[in-house]
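Step one of this worksheet: look at the structure below.
The values are calculated or read from the model by the stated rules, or taken from the named source; none is laboratory data. Just so it is clear, the model here is predicted, and its values are computed rather than measured. Reconstructed Cβ throughout: ideal geometry from the backbone, glycine too, with neighbour counts over all protein chains shown.
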Amino acid sequence: MAEIQSLMHGFGVALTLTNLLLMFTGVTLGVIIGVLPGLGGANGVAILLPLTFSMAQTPGGATSAIILLSCIYWGALFGGAITSILFNIPGEPWSVATTFDGFPLAQNGRAGAALTAAFTSSFFGAFVAVLVITFLSPVIAGFALEFGPPEFFSVYLLTFCAFIGTSKEPAFKTLAAMMLGFALAAVGTDPVTGTLRLTFGSTRLLTGFDFLVAVIGLFGIGEILLTLEEGLAFKGASAKLNLNVVLQTWKELPRYWMTSLRSAAVGCFMGIVPGGATPASFMSYGVARRFSPDGERFGTGKVEGVVAPETAAHAAGTSALLPMITLGVPGSPTAAVLLGGLMIWGLQPGPLLFVEQKDFVWGLIASMYLGNIAGLIVVLTCVPLFAAILRVPFSVIAPIIMVVCAIGAYTVHNAIFDVWMMVVFGILGYLFKKLQYPLAPLVLAIVLGDSAEASFRQAMLVSQGDMRIFFSNTLVGFLTTLALLLLLWPLLSWSLAKIRRTSA
């Protein structure tokens, strides 16, 4: 009950007119940031962080400042789904999995249902994550301290194996795409020794290929090239978005309650570990496809295929703040930016923060509830505005999307080279779609390849090359075993089916 009393005190801190205005302002800015490819929640928070310095110096100002910045984060999480569903262009990395069913839904005239499902699922995922932060912070903090390189690698391995084992594509195509992604992720500086590799003497490749540039090209430019080849027509322009569509979608969502709970659990786990919102969305999508009665139809426009990644991504993005608050260990890039802000404001995240800055901590937790309610209100009331985008002729919208993609790619490092790389990845994305190779394994390997390699090599250094380190304790052993089971799941399923047929 102590948590309930502290939370009520937090609501008293957060529920002021100024803080409520900051919530809606932050969410609106975050949605715009999430819609723009390449900008991202972390960049948006970093850009606006200096504006909060003077605010944090006033009494209670640190709480208002963190509310503004965190609500920008919530808005970016919501906004990333918009372009994913309407244009097949992920506004944020974690929205890639949303494109798999969200875009087909828009093409089939159900953009309203896809957007409503995405926003509502995001809200639910965040709500579950905030409940975890509120009631389980001591237990979760102790659990996160147990993670070292072997545990991190086992989480990454679990993500890769889950995607291979649950993919509806031929296994060799999934593996080929993933191997190409690993090769692209290896370009640049070795994460352990610091030596250069695969740069071929080019200084432009010292930092490797940026994930956001690759995603913008693969999905944005690739989709535009494919659409131009098929004809200047945007499928889904007849979508109807109104209050009736929202209510009808809400009536449909309860049938996916198990998918929502499962995805929220995956998201919270990956956010706290920290694995991140991107692998959480991929993993939850793969798990939902495996357990759904309509799993074979995923990718053709299933609402459940939108519910799973959006719930997990928002749960992971929100729960990533837990280790930041309790341990001073950021669970995501945005959490790292917020951690820097706290330290600049003179606050030291950690267990003592709950004692020395009780108003701040519980005011922040209360604002998580309120900020996500504000986010749901903003995005749902702006649904007609998103529908208007669909009514613009594709011959008009295609050049605009190209320009926005180019701006997004340029702003990543303020380099024209990234724009050219976006074009190269766009051509690669076009070829992948023409040859019917899956893009998701390629993207997954690019974003997680470096981190997985670093964790694996660090684990090998610790164990002096002994692979048994991945079974050295209950936690890492469980994760590694589960990963191998998921990898071999198609073979196991085939064997079990053959045994049943033989026995019958």
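Numerical summary
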quantity: Selection within segment 150-207 - assigned to a loop (DSSP other than H, G, I, E, B) and touching a Pro at 6+ places or on another chain (Cβ under 6 Å); calculated: 169
quantity: Residues within segment 458-497 that are outside any helix (DSSP H, G or I) and farther than 19 Å from residue 283 by Cα, tallied; calculated: 5
quantity: Number of the exception - residue 376 against (1) modelled with pLDDT of 75 or more; (2) under 27 Å from residue 245 (Cα atoms); (3) out of contact with any helix residue (DSSP H, G or I) (no Cβ under 9 Å at 6 or more places or on another chain); calculated: (3)
quantity: Residue list for segment 86-112, restricted to those being among the hydrophobic types (A, V, I, L, M, F, W, C), assigned to a helix (DSSP H, G or I), under 20 Å from the mean Cα position of the chain (by Cα) and at pLDDT below 80; calculated: 86, 87, 94, 96
quantity: Segment 281-294, residues that are surrounded by fewer than 18 Cβ atoms within 10 Å (Cβ to Cβ) and in a helix (DSSP H, G or I); calculated: 290, 291
quantity: Test for residue 87: is it touching a residue at least 40 places away in the same chain (Cβ under 8 Å), closer than 24 Å to residue 258 by Cβ and aromatic (Phe, Trp, Tyr); calculated: no
quantity: Filter result for the condition that a residue is in contact (Cβ under 8 Å) with a residue 12 or more places away in the chain, touching a helix residue (DSSP H, G or I) at 6+ places or on another chain (Cβ under 6 Å) and over 23 Å from residue 440 (Cα atoms), over 199, 189; calculated: 199
quantity: Some residue of segment 411-429 being hydrophobic (A, V, I, L, M, F, W, C), within 25 Å of residue 87 (Cβ to Cβ), assigned to a helix (DSSP H, G or I) and at pLDDT below 75; calculated: yes
quantity: Selection within segment 437-472 - of a type in the set (S, T, N, Q) and either in contact with a strand residue (DSSP E or B) (Cβ under 6 Å, 6 or more places away or on another chain) or modelled with pLDDT of 80 or more (or both); calculated: 455, 458, 463, 464, 472
quantity: One residue from 469, 446, 427 being in contact (Cβ under 8 Å) with a residue 60 or more places away in the chain, surrounded by fewer than 16 Cβ atoms within 10 Å (Cβ to Cβ) and of a type outside the set (Gly, Ala, Ser); calculated: 427
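Conditions (1) buried (at least 21 other Cβ atoms within 10 Å of the Cβ); (2) in a helix (DSSP H, G or I); (3) at pLDDT below 70; (4) of a type outside the set (Gly, Ala, Ser), marked per residue:
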residue	(1), (2), (3), (4)
314	yes, yes, no, yes
317	yes, yes, no, no
322	yes, yes, no, yes
325	yes, yes, no, yes
348	no, no, yes, yes
355	no, yes, yes, yes
359	no, yes, no, yes
363	yes, yes, no, no
366	yes, yes, no, no
